Amino acid sequence: MDFKHKGRLPWLSHFIYSLKYRGLMNTCSMGLKEWKKERELGIDTFGAHCPTELSIEATSKLGGHLYQPSSSVIFEKAMNALPFNFSDKVFLDIGSGKGRALILAAEAGFSKVIGIEYASELNDVAYTNIETVKDRFPNTEFDLREGDALQFDIPAEVDVIYLFNPFDEEAVSGLMKKVKPAFDRSKPIYLIYVNPVHYAVLQKQLGEPFVTLRNLKGFPEAKLFSNRAKA
């Protein structure tokens with residue numbers, strides 16, 4: 001589902017969507033795990049915010065989707081699909097929101113995590129959440145940036161790019177103008193696309209995904225791309 005508008009009860013829309021594509025038991029299990037992870041880390045990344053509610057000065061605002069936090073369950077599966085240790089790797093979250101994926105990446109062991117987020121309110125919450133946990137991850141450098149992902153050049157140091165369905169198809173196409181040059185470098189780079197609604201746009205630019213993560217009902221939860229064949 002391409003979540004773009006908040007509606008009156010966004011949590012209910014998400015719940016119904018998850019029931020349809022994951023089933024009741026899997027939906028409840030994932031929800032409980034997310035709640036436990038938040039409590040374990042002492043952070044708060046829950047909530048739903050549509051772009052029109054937020055202070056955003058970016059051309060990609062019109063193509064932005066409803067904020068919702070990344071699933072720690074899907075995140076862990078994606079990390080397990082990557083063929084390397086993270087201790088010397090750099091992670092970039094495009095649309096980093098309240099910082100959950102950045103914190104999960106720190107927990108996974110990345111040496112540096114970078115977040116680019118166009119909503120100042122979400123970035124402020126991310127700062128608070130990171131302040132809460134950063135002492136737990138002394139080997140990880142946190143780098144939060146506020147700005148438009150469509151104007152953001154992928155740093156050469158990045159090894160893994162993470163997208164949680166942040167934009168509609170038009171904005172994703174614009175984003176690929178920034179991602180494709182990174183994939184054309186000789187350095188191996190990986191991209192994780194969660195809730196891959198517009199994966200055909202990425203496939204056209206980046207080639208076939210090397211892994212598709214599916215839920216118990218067979219629906220794709222994430223697609224992983226890489227340029228490693230060129231390396």
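At a glance:
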quantity	calculated
Enumeration of residues in the stretch 163-196 that are within 15 Å of Phe225 (Cα to Cα) and among the aromatic types (Phe, Trp, Tyr)	Phe164, Phe183, Tyr190, Tyr193
Residues located in the stretch 190-215, provided they are part of a helix (DSSP H, G or I) and either of a type in the set (Lys, Arg) or touching a Gly at 6+ places or on another chain (Cβ under 7 Å) (or both)	Lys204
Options Gly23, Gly31, Gly109: the member that is surrounded by 13 or more Cβ atoms within 10 Å (Cβ to Cβ), in contact with a Phe, Trp or Tyr (Cβ under 7 Å, 6 or more places away or on another chain), over 17 Å from Asn165 (Cβ atoms) and at pLDDT 55 or above	Gly109
Members of the stretch 59-82 found to be of a type outside the set (A, V, I, L, M, F, W, C), under 24 Å from Gly218 (Cβ atoms) and either at pLDDT 95 or above or part of a helix (DSSP H, G or I) (or both), listed by number	Ser72, Glu76, Lys77, Asn80
Criterion: of a type outside the set (Phe, Trp, Tyr) and at pLDDT below 60 - qualifying residue of Ile56, Ile43	Ile56
Residue match in the stretch 162-174 (condition: out of contact with any Gly (no Cβ under 8 Å at 6 or more places or on another chain) and closer than 23 Å to Asp124 by Cβ)	yes
Some residue of the stretch 122-133 being in a helix (DSSP H, G or I) and over 26 Å from Gly42 (Cβ atoms)	no
Hey, Asn85 of a type in the set (S, T, N, Q) and in a loop (DSSP other than H, G, I, E, B) or not	yes
Any hit, the stretch 213-224, residues being crowded, with 17+ Cβ neighbours inside 10 Å and modelled with pLDDT under 90	yes
Residue satisfying all of: in the stretch 163-189; without any contact (Cβ under 8 Å) to a residue 60 or more places away in the chain and in a loop (DSSP other than H, G, I, E, B); farthest from Ser70 (Cα to Cα) among these	Ser186
The stretch 137-154, subset within 14 Å of Ala108 (Cα to Cα) and not in a loop (DSSP other than H, G, I, E, B), residue farthest from the chain's Cα centre (by Cα)	Glu141
Residue among Ile154, Ile114, Ile189 that is in contact with an Asp or Glu (Cβ under 8 Å, 6 or more places away or on another chain), surrounded by 15 or more Cβ atoms within 10 Å (Cβ to Cβ), under 12 Å from Ile94 (Cβ atoms) and of a type in the set (A, V, I, L, M)	Ile114
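The values are calculated or read from the model by the stated rules, or taken from the named source; none is laboratory data. All values derive from a computational prediction rather than experimental measurement. As a convention, Cβ positions derive from the backbone with ideal geometry for all residues, glycine included, and neighbour counts pool all protein chains shown.
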